[in-house]
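Trainee: Take this structure first; my questions come after.
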Amino acid sequence: MKQGQRMFVTAASLVVLGVSSIVSQANAFGLRVPQVNVLGGSLQGYLNGQGESINVLTDQQNAQVWSQSASGNGLLTLKVELTGNAPINSLGIYNAADPSPVLYQVFPGTATNGWFAVMSFRTAPDRVIVNLFDAAAAFQGSTTYLGINAGNFGFFLQNPSGPVLYSQDARNPGGSAQMLAFQGTGINTGEWWLCWEDTAVNGAGVSPAHAVAGSASDQDFDDAVCILESINPLPTQQASLGTVKAMFRK
């Protein structure tokens, strides 16, 4: 084999190995076991309309805790809210390892379809700078939160008529899943869909103050649908919910 041919084969092999490594890393968290029952067809229909080849019943990833990428910047876009609570639901992040985490708001209740936020994680001191924009890319404001752990955080959804709901199942009433994560496909490869149910799926442990008549969950997971870029899930072994439960018992 000529030297030029050897160099070509070596380069091609590196590309294949690189792709294999990316796929391996992307699958490190694995699928949810068991998969959560998603009722109705609205979430599936929405993702289909975005050109995705995701099956919402079988492609749920066990991605509950997240970390910044090398860029140090993450983009979170609120794609759609199919819920009557849209005007009061807020979304944000929190330190996943804290027993009683502080909530850092990213989207206020006034945010609507198409709003997006750039989250810039910085050190000395540890902080996240949230720059918020509306659907027309008009700047809505900047907020700096101190104390965020950029290598180990989760997402939350909050509204005044219910408990705070978290991306970590173990923090939710009855340990239920309130956010489902899906890997983007096609042109969305490398991005993540975060799909929320904004009413407690399992009402166990909900305080009387949060027990609202007629507020039973419909489990459609389309109440707030976001797409996330340049943020990666932590592998399942690093995001052990057993660790979280142990902290709660202290």
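The values are calculated or read from the model by the stated rules, or taken from the named source; none is laboratory data. What you see is a predicted model; the values in this text were computed from it and never measured. Because the Cβ atoms are built from the backbone with ideal geometry, glycine has one as well, and the counts that use them run over all protein chains shown. Just the protein is used for accessible areas: all its heavy atoms, side chains included, with ligands, DNA and RNA removed. Shrake-Rupley method; radii C 1.70, N 1.55, O 1.52, S 1.80 Å.
Trainee: With a 1.4 Å probe and every protein chain kept in, tell me what percent of the accessible surface of the stretch 42-194 is carbon plus sulfur.
Mentor: Taking all protein chains in place, the stretch 42-194 shows 54 percent carbon and sulfur surface.
Trainee: At 7 Å along the Cα-to-beta-carbon direction for both residue 97 and residue 70, put a label point, then send me their distance in nm to one decimal.
Mentor: Reported label-point gap for residue 97 and residue 70 is 2.4 nm.
Trainee: Then there is this: Which shape class, rounded, prolate or oblate, goes with the stretch 92-186 when its Cα gyration tensor gives a ≥ b ≥ c as root eigenvalues, a/c under 1.5 marks rounded, and past that a/b bigger than b/c marks prolate?
Mentor: Oblate shape, in that a/c is at least 1.5 and b/c is the bigger or equal ratio.
Trainee: Another question, if that's okay. Return a whole-number percent for the relative contact order of the stretch 88-205, with Cα pairs under 8 Å and 6 or more residues apart as the contact set.
Mentor: Dividing the mean separation by the residue count of the stretch 88-205 yields 20 percent.
Trainee: For the stretch 37-116, go through all pairs of different Cα atoms, get the mean of 1/r, take its inverse, and jot down that Kirkwood value in Å. Provide the component values of the computation, followed by the final result.
Mentor: Numbers: mean 1/r = 0.0657 Å⁻¹.
With all distinct Cα pairs of the stretch 37-116 included, I get 15.2 Å.
Trainee: Using 0.36 nm per residue of separation minus the Cα-Cα distance, give me the extension gain between residue 136 and residue 57 in nm, one decimal.
Mentor: Contour length minus Cα-Cα distance gives 25.1 nm.
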